[in-house]
Amino acid sequence: MTSIDLTESTRRVAAVVRGIEDAHHYAPTPCPQMPVHLLLAHLHGLAIAFRDAARKIDGPTTHTAPDPSRLELPEDWREALPAELENLAAAWNETGARTGTTTAGAQTMPAEVAVLVALDEVVLHGWDLAVATGQDYAVEQQVLDAVEQFCAGIPEEPGEREGLFGPRVPVPADAPQLNQVLGLSGRDPAWRPPDH
């Protein structure tokens, strides 16, 4: 499962990022209290944190817990964020990246788990940004399988689901797999911006 390459997922999300217009900045997303510009800033920060986690870097980028009040989006985000997403994928393909333990977001975990957390964050936030800004979004089968398995393994207890995961959203059994994954992650697959 942890042999999955993040490259295609990060490229797909980078394409979504490039499709975001300035007019979208304060638009709502499926993540409460996190409009588009803050979600972009969050994605930028996590790309750096998990890149450094892959390289076992011990410092502020890996040992600082996420803090929504300190999110800052770089002025050159259309270039900087896609570049960091590319760096993220490349770092997890380096020799030794997926062995041993590492730290990200001030949480120490097996590296083979950290890469799945990174994949999960990228894929789900890619959908968040795409649906918030009216863009198409698809996930390849192998990645969808991995993210579904990861999301399904997060316990229902509220304390276990803080941050990325809200309470699970019921989804019909015959719904597309992406919708199933979104429901497992606490997202409503039918969410759309208020003006849609």
Quiz item: So, with +1 on the Cβ of K and R and -1 on the Cβ of D and E, and no other charges, what is the size of the charge dipole of the chain about its Cα centre, to the nearest 20 debye?
Solution: 120 debye
Quiz item: What share of all Cα pairs of segment 51-91, in percent, falls into each consecutive 10 Å distance bin?
Solution: 26, 46, 29
Quiz item: So which helices of the chain fit the span-like rule, where a helix is a whole DSSP H run, its Cα atoms reach 24 Å or more along the axis, and its mean Kyte-Doolittle is at least 1.0?
Solution: 36-54, 111-132
Quiz item: Over segment 38-153, what percent of the accessible surface lies on carbon and sulfur atoms, probe 1.4 Å?
Solution: 49 percent
Practice problem: Would you mind getting the accessible area per residue of segment 1-157, heavy atoms of the protein chains only, 1.4 Å probe, in Å²? | Solution: 47 Å²
Quiz prompt | Extension gain from Ile154 to Glu8, taking 0.36 nm per residue of separation minus the Cα-Cα distance | solution = 50.1 nm
Quiz item: To the nearest 0.05, what FRET efficiency results for Arg192 and Thr95 with a Förster distance of 35 Å applied to their C-beta separation?
Solution: 0.20
Quiz prompt | Computed E for Asp136/Tyr26 - FRET, C-beta separation, R0 22 angstrom, nearest 0.05 | solution = 0.45
Exercise. Among [x] 12.6; [y] 10.5; [z] 15.3, find the value of mean projected area of the Cα convex hull in nm² that was calculated from the structure presented, and write down its label.
Key: [y]
Quiz item: What are the GluC sites (Glu not before Pro) within segment 4-87 that DSSP puts in a loop, where the Cβ has at most 16 other Cβ atoms within 10 Å?
Solution: Glu21, Glu72, Glu75
Exercise. Quick one: compute the contact order of segment 47-100, relative version, from alpha carbon pairs under 8 angstrom and 6+ residues apart, as a percent.
Key: 54 percent
Exercise. Starting from the Cα of Val113, step 7 Å along the direction of its Cβ; do the same at Arg168; then give the gap between the two resulting points in nm.
Key: 2.0 nm
Quiz item: For labels at Glu72 and Ala15 in the simple 7 Å Cα→Cβ model, what's the distance in nm?
Solution: 3.3 nm
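The values are calculated or read from the model by the stated rules, or taken from the named source; none is laboratory data. Computed from a predicted model, the values in this text were never measured in an experiment. Please note: Cβ atoms are built from the backbone with ideal geometry, for glycine as well, and neighbour counts cover all protein chains shown. Note: areas computed on protein heavy atoms with side chains; ligands, DNA, RNA excluded. Shrake-Rupley method; radii C 1.70, N 1.55, O 1.52, S 1.80 Å.
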